[in-house]
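Working notes, structure below.
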Amino acid sequence: MSATPEKTLCVIIGSGPAGYTAAIYASRAGLNPIVYTGPEPGGQLMITTDVENYPGYPEGVQGPTMMDEFRKQAERFGTDVRNEMITKVDFTGPVHKLWTESGHELHTHTVIISTGASAKWLGLENETRLASTGGGVSACAVCDGFFFRNLDVAIVGAGDTAAEEAQYLSKLCKNVHMLVRRDEMRASKIMQERVMKAENIHIHWNTETKDILGEEEVEGALVFNNKTGEEKVIPVQGFFVAIGHKPNTDIFKGWLDMEDTGYLKATPGRTFTNREGVFVSGDAADHIYRQAVTAAGTGCMAALDAERYLTEKGIV
Ligand code: NDP
């Protein structure tokens, strides 16, 4: 730890597809970016197994392998990747101040926030185990639904995401068991109606998950009715959790405009936040698409916006 703040042009916070894509563009533009990887280097794809919807990988790719390649590509152009976390910021400006968890202070002209969002989980032991081994537990139906074609699956949640994902799964799977913990859904009326209309979506009201069964792969969900206490096993091969995401934006509270849910507000179609020189990319500002390829796209945009900002200010 040095007492003199480190001075730099561009710091990227976060190391998912958005952060590394921003790094590739920023380093090729000569901005010598520093990437702080955060607590989950590689981001959400590190807990995914097969990625089959990212263009350029016709045979699919393992999530961790893909993120390793993203990192290598960023490093090839000189990105300084640091396995540390930014824990405090001061955007009073015009130069932005950042502190790492070990107390190192940086002064930077631009910041690209790519801290992403984390899926919320139920917190069951077998859920964590089977999600990390690719055993059939997932928090993303669009990413993983394909692996359960013509099989039976369960999905937990009753918001718009769960309703949308249940519909998506109903087109691929034989049966979709929707586990709703109350006797009503939070999802918008129209989404609820669509779910109710689908013949192969079975809604289990007042139902919570006690355990996910299966050693190597999901074999069933042990659920209970929270009104009657009655337990039953629903045989399924896939278990989806769609109970919301939490954007990793706590350290920006008070500095940047954000939605009540914590998602950062960006100028529509751009990556500008309400502070000059602070840009946002990826899931930290996107609760709608949340895909690796869209995150990578906005990472590119943020780097281009940062480069233009530095040029316009006469800094580079
Ligand atoms: P929400 O917070 O809206 O819903 C979360 C759901 O998960 C709720 O039904 C909640 O139940 C349930 N839940 C939470 N914790 C548990 C638990 N431990 N066990 C069982 N169930 C649980 O999150 P979403 O991701 O659905 O939506 C986030 C935002 O994004 C919303 O504003 C939504 O409208 C928006 N969105 C819009 C879409 C669209 O317009 N096409 C698509 C997707 C999202 P309970 O209701 O009992 O609290």
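The values are calculated or read from the model by the stated rules, or taken from the named source; none is laboratory data. Because the structure is predicted, anything quoted here is derived from the model rather than measured. Glycine also receives a Cβ, built like all others from the backbone with ideal geometry; neighbour counts cover every protein chain displayed. These area figures cover heavy atoms from the full protein model, side chains too; ligands, DNA and RNA do not enter into them. Shrake-Rupley method; radii C 1.70, N 1.55, O 1.52, S 1.80 Å.
Can you pull out the residues in the range 160-212 that are part of a loop (DSSP other than H, G, I, E, B), within 14 Å of the ligand (Cβ to nearest atom) and open to solvent by 20 Å² or more (accessible area, probe 1.4 Å)?
Residues of the range 160-212 that are part of a loop (DSSP other than H, G, I, E, B), as a first pass: 171-174, 180-188, 198-200, 205-206.
With the extra rule that they be within 14 Å of the ligand (Cβ to nearest atom), the set shrinks to 180-188, 205-206.
Hits for the range 160-212 are ARG181, ARG182, ASP183, GLU184, ARG186, SER188, TRP205, ASN206.
Just need a number here: residues in the range 184-219 that are small (Gly, Ala, Ser) and on the phi > 0 side of the Ramachandran plot. Walk me through how you get there before you give the answer.
Restricting attention to the range 184-219, the residues satisfying the condition of being small (Gly, Ala, Ser) are 187-188, 198, 214.
Narrowing further to those that are on the phi > 0 side of the Ramachandran plot: 214.
Here the count works out to 1.
Just to verify a result, which residue in the range 234-254, among those that are touching a residue at least 24 places away in the same chain (Cβ under 8 Å) and of a type in the set (Gly, Ala, Ser), is nearest to GLY135 (Cα to Cα)? Break it down into steps so the answer makes sense when it comes.
Filtering the range 234-254 down to residues touching a residue at least 24 places away in the same chain (Cβ under 8 Å) leaves 234-249, 251-252.
Filter once more, so that each one left must be of a type in the set (Gly, Ala, Ser): 238, 242, 244.
Numbers: GLY238: 8, ALA242: 17, GLY244: 21 Å.
Across the range 234-254, the extreme among qualifying residues is GLY238.
Going by the structure shown, is GLU231 closer than 22 Å to LEU124 by Cβ, open to solvent by 80 Å² or more (accessible area, probe 1.4 Å), without any contact (Cβ under 8 Å) to a residue 40 or more places away in the chain and away from the ligand (no atom under 12 Å from the Cβ)?
yes
Report yes if some residue within the range 292-299 is more than 25 Å from VAL61 (Cα to Cα) and not aliphatic (A, V, I, L, M); otherwise report no.
First, the residues of the range 292-299 that are more than 25 Å from VAL61 (Cα to Cα): none.
Scanning the range 292-299, I find no residue that is more than 25 Å from VAL61 (Cα to Cα) and not aliphatic (A, V, I, L, M), so the answer is no.
Which condition breaks for VAL89 when tested against (1) surrounded by fewer than 16 Cβ atoms within 10 Å (Cβ to Cβ); (2) under 23 Å from the mean Cα position of the chain (by Cα); (3) β-branched (Val, Ile, Thr)?
(1)
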